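S.K.: Here it is, the structure, as structure tokens.
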């Protein structure tokens, strides 16, 4: 869980909480009303890339990529400073080497897929107009492995130095800027080229939705420790809360999930976030159709997806039949400290992550599929040295 700023962690878990809430809301999928509701969220059916089955895919060998050729330059997206973490100005020759590695890697091999794994990209945005394309504030790959009965939540960190291609033009930009150039379709294409996993679809969520969804669900029941209740009462002004079981409002739950200082640190924070997510799932299982429709109606303005109504109903049916809501949940963030290092580009004075993409991609494949077709030499030189 390294490299996460306070804001990025909270954004990530807002996406996760909303996405898992969506999964629980479709329990009444046998009723025809769902199709009308889902249709209001859908962009129309998204067509994923073909990908290569990981069981038969040939090895991706570092350095085997083909030339991208000379492309016209994409106009720049207004830069943002990135995370407030130290980084040195990169030497021009080192930057040239990094750029050559990036172009080679993105044109090396194909994304892999498995019939037992479903990958959905969740994009979090602060933009109230979800139909407009802007930078992705946060990204999480929501992966369901039906063989291992595991849901993996892979947070893809912002500010990764990458080469983005759109309309036969290219530019070295932050990876999450792809969404501003070409929407979720281009964002998925770029993620697939760097991380070598196939993504089946996407959902875009407005961050304002989490408290509203929890309130629509009647709050979330959480057992507070003495330290947690004292913090929420004394530091946050939630005077009604006490040690033991409490039904938290949406705003109270959001603050609860963000507690960090002096109460167990980041590990305890992740545990709290997991508790809220799992409790939302547990509560939703007991809801009737009318309650679910009311909750879904609350969520509609905050969600945009490439899933068609039929797709959503299919996922709902499978969730019920195969027990997705009981799958174990694991979390990861990429890049982590093994494969990323911060730097400033002297040319634009913008902060980036320098990412060892082959290593990061291998880690993601192993987490999602339990195997990888990326062959890394034991004596290879890290991209971040």
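S.K.: List the residue pairs whose Cβ atoms are under 8 Å apart, where the first residue sits in segment 362-385 and is assigned by TED's automatic domain parsing to the domain that holds residue 114 and within 14 Å of residue 141 (Cβ to Cβ), the second is modelled with pLDDT under 95 and exposed (fewer than 15 other Cβ atoms within 10 Å of the Cβ), and the two are 6 or more positions apart or on different chains.
M.R.: 363/338; 367/330
S.K.: Among the numbered criteria (1) buried (at least 23 other Cβ atoms within 10 Å of the Cβ); (2) outside any helix (DSSP H, G or I), which single criterion is violated by residue 170?
M.R.: (1)
S.K.: Out of (1) surrounded by fewer than 22 Cβ atoms within 10 Å (Cβ to Cβ); (2) assigned to a loop (DSSP other than H, G, I, E, B), the odd one out for residue 372 is which?
M.R.: It fails just one condition, (1).
S.K.: Return the residues of segment 197-222 that are part of a loop (DSSP other than H, G, I, E, B) and either buried (at least 20 other Cβ atoms within 10 Å of the Cβ) or touching a helix residue (DSSP H, G or I) at 6+ places or on another chain (Cβ under 7 Å) (or both); say none if nothing qualifies. First the steps, then the outcome.
M.R.: Let us first name the residues in segment 197-222 that are part of a loop (DSSP other than H, G, I, E, B), namely 198-200, 207-208, 217-219.
Correct list: 198, 199, 200, 207, 208, 217.
S.K.: Taking the stated definitions as given, is residue 178 part of a helix (DSSP H, G or I) and either closer than 30 Å to residue 67 by Cα or modelled with pLDDT under 95 (or both)? Spell out the reasoning first.
M.R.: Values: part of a helix (DSSP H, G or I): yes; either closer than 30 Å to residue 67 by Cα or modelled with pLDDT under 95 (or both): yes.
Considered against the rule, which asks whether it is part of a helix (DSSP H, G or I) and either closer than 30 Å to residue 67 by Cα or modelled with pLDDT under 95 (or both), residue 178 comes out as yes.
S.K.: Could you tell me whether segment 116-126 includes any residue that is in a loop (DSSP other than H, G, I, E, B), at pLDDT 90 or above and more than 14 Å from the chain's Cα centre (by Cα)?
M.R.: Going through segment 116-126, the residues in a loop (DSSP other than H, G, I, E, B) turn out to be 116, 126.
Subset that is at pLDDT 90 or above: 116.
Those still in the list that are more than 14 Å from the chain's Cα centre (by Cα) too: 116.
Checked against the condition, which is being in a loop (DSSP other than H, G, I, E, B), at pLDDT 90 or above and more than 14 Å from the chain's Cα centre (by Cα), segment 116-126 yields at least one hit.
S.K.: Is one or more of the residues making up segment 223-236 touching a strand residue (DSSP E or B) at 6+ places or on another chain (Cβ under 6 Å), surrounded by fewer than 19 Cβ atoms within 10 Å (Cβ to Cβ) and not in a strand (DSSP E or B)?
M.R.: Start the filter on segment 223-236 by keeping residues that are touching a strand residue (DSSP E or B) at 6+ places or on another chain (Cβ under 6 Å), which leaves 223-224.
So of that shortlist, the ones also surrounded by fewer than 19 Cβ atoms within 10 Å (Cβ to Cβ) come out as 223.
Keeping just the survivors that are not in a strand (DSSP E or B) gives none.
No: zero hits.
S.K.: Can you pull out the helices (runs of 4 or more DSSP H) entirely within segment 249-345 that have at least 3 residues that are modelled with pLDDT of 80 or more?
M.R.: Working: elements: 250-258, 265-284, 289-299, 309-322.
Here the list reads 250-258, 265-284.
S.K.: Only one of (1) modelled with pLDDT under 85; (2) surrounded by fewer than 18 Cβ atoms within 10 Å (Cβ to Cβ); (3) in contact with a helix residue (DSSP H, G or I) (Cβ under 8 Å, 6 or more places away or on another chain) fails for residue 63. Which number is that?
M.R.: (1)
The values are calculated or read from the model by the stated rules, or taken from the named source; none is laboratory data. Keep in mind that this is a model prediction, so the values were computed, not measured. In this analysis, Cβ positions are derived from the backbone assuming ideal geometry, glycine residues included, and neighbour counts consider all displayed protein chains.
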